[in-house]
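Only one structure is covered here, and it is reproduced in the block below.
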Amino acid sequence: MTAVLTREACEAMDRSDPLAFARVRFALPPGVIYLDGNSLGPLPRATADALAQQVQVAWGQGLIRSWNTAGWIDAPLRIGTRIARLIGAGADEVAVTDSTSVNLFKLASAAVALRPGRRVILSEPGNFPTDLYMLQGLCQQLGGAVELKCVPRDRIADALDDTVAVLVLTHVHYTSGEMFDMAGMTARAHAVGALTLWDLSHSTGAVPVDLSAAGADLAVGCGYKYLNGGPGAPAFAYVARRHQADLRQPLSGWMGHAAPFAFVDDYQPAEGIARMLCGTPSVLAMTALDCGIATFDGVEMAAVRTKSMSLSSLFLDLLEARLPGLFELVSPRNAADRASHVSLAHPDGYAIMAALIAAGVIGDFRAPDRLRFGFTPLYLSHADVFDAVETLVRIMQTESWRDPRFAVRQAVT
Ligand SMILES: *Cc1c(COP(=O)(O)O)cnc(C)c1O
């Protein structure tokens, strides 16, 4: 093992870590190395008190008055503004609402309506399942007027033609961590008159994103992954300002109405991004999401990116030195080509991950054979990565993963 891969070397890197201050923002359980913040961000220290305050004071004492006095009604756009900073969006281009799945449906539907006569929604096979399922549901809803076409990522540029209404891509692939060139793909889509809809679920808070510079049209993203908003946190929707006035989304609920409390019979969309809203926001969930986003206060995404590449590269360097040839790397080896998680393939991946979790190193498993590890710079150190690999080495060398209890499949992997 080379000197650079010792625990002392890792500790030295941690001593000059400009993001070390952020770790205290999280209430991580002792004895756990959490490599799954890409799937469910951990609990921020501030969240429990903020929720208790909302329950006991804003709800308990304020009652219905709190819609006005505690900022409840403004939460979707106020929190959207805070996410905007992390994705290169204007303050008036993001709304927090619904789930990622629902927002994808709303925006894909709106995109098709903005490109009448075009009959193709273009995506890639192996995209995150819910994205494809929601697009299949939309096509069914449109009665065959529009079809979902999936072509492998290296052929997408060639498949763009004037039949395509919208190109729907996940910016960072959920298993491989590969990233699309957002500006390049957007330019190609625009060249044939198509719109782009980006899913930023594995990008937001993980890598620098600049929707404005990329010329992106529409985007959605997740609140419970890198944004640390809590299990099932509300998601967000982005609509470039230039499209907002013409955009009609199908879930025309009263919170997206121009005057929800006028109680008139006919729907009229609100001005601007507020038309993305549908029903009443879940205030407690919004509160937790707000605390999750606050873990990025004073943090520049460029610094997050630098440390994320350092952590994941260290992980791969250590793996190659300590367990050569045991796992197949599914993610790009070059740090610049992958986002903030790494996937390894192994035929016994499920049991190995189960054994790792039992030993306090929490990653996750993605069928059919992928072990997935997220590297989240706000609370992970290089020493954590070193210790996680040592645990994996022990499990592989002792073959403790062969214990039958690690073969029992759970509902959520
Ligand atoms: C996590 C994730 C989602 C989640 O969608 P939900 O509606 O919150 O279940 C959607 N798309 C991608 C690409 C994801 O990674």
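The values are calculated or read from the model by the stated rules, or taken from the named source; none is laboratory data. Everything numeric here is computed off the predicted structure, so don't read it as measured data. Glycine also receives a Cβ, built like all others from the backbone with ideal geometry; neighbour counts cover every protein chain displayed. Remember, those area values only see protein heavy atoms, side chains included, never the ligands or the DNA or RNA. Shrake-Rupley method; radii C 1.70, N 1.55, O 1.52, S 1.80 Å.
For this structure, a couple of remarks:
- Subset of the range 331-367 (residues that are open to solvent by 30 Å² or more (accessible area, probe 1.4 Å), modelled with pLDDT of 95 or more, assigned to a loop (DSSP other than H, G, I, E, B) and not polar (S, T, N, Q)): ARG333, PRO347, ASP348, ALA359
- Of all residues making up the range 247-270, the number that are within 27 Å of the chain's Cα centre (by Cα) and either open to solvent by 50 Å² or more (accessible area, probe 1.4 Å) or farther than 24 Å from ILE87 by Cβ (or both): 5
- Residues of the range 157-193 that turn out to be in contact with a His (Cβ under 8 Å, 6 or more places away or on another chain) and either surrounded by fewer than 16 Cβ atoms within 10 Å (Cβ to Cβ) or over 17 Å from PHE375 (Cα atoms) (or both), as a count: 4
- Residue within the range 55-69 that is over 30 Å from THR175 (Cα atoms) and crowded, with 20+ Cβ neighbours inside 10 Å present: yes
- Hits in the range 199-224 (condition: open to solvent by less than 10 Å² (accessible area, probe 1.4 Å) and closer than 18 Å to LEU160 by Cα): ALA216, ASP217, LEU218
- When each of ARG85, ARG78, ARG25, ARG65 is tested for being under 29 Å from LEU356 (Cα atoms) and either in the same structural domain as ALA206 (by TED's automatic domain parsing) or in contact (Cβ under 8 Å) with a residue 60 or more places away in the chain (or both), the lone residue that passes is ARG25.
- Meets criteria (among the charged types (D, E, K, R) and either open to solvent by less than 50 Å² (accessible area, probe 1.4 Å) or without any contact (Cβ under 8 Å) to a residue 60 or more places away in the chain (or both)) for ARG241: no
- Flag: THR196 matches the condition of being surrounded by 21 or more Cβ atoms within 10 Å (Cβ to Cβ) and either within 14 Å of the ligand (Cβ to nearest atom) or not acidic (Asp, Glu) (or both).
- Considering only residues in the range 107-132 that are part of a helix (DSSP H, G or I), open to solvent by 20 Å² or more (accessible area, probe 1.4 Å) and within 11 Å of the ligand (Cβ to nearest atom), the one that is nearest to GLY256 (Cα to Cα) turns out to be THR130.
- Of the set (1) away from the ligand (no atom under 12 Å from the Cβ); (2) surrounded by fewer than 24 Cβ atoms within 10 Å (Cβ to Cβ), all apply to PRO231 but (1).
- Filtered residue count, the range 8-28, keeping only those that are touching a Lys or Arg at 6+ places or on another chain (Cβ under 8 Å) and of a type in the set (Lys, Arg): 1
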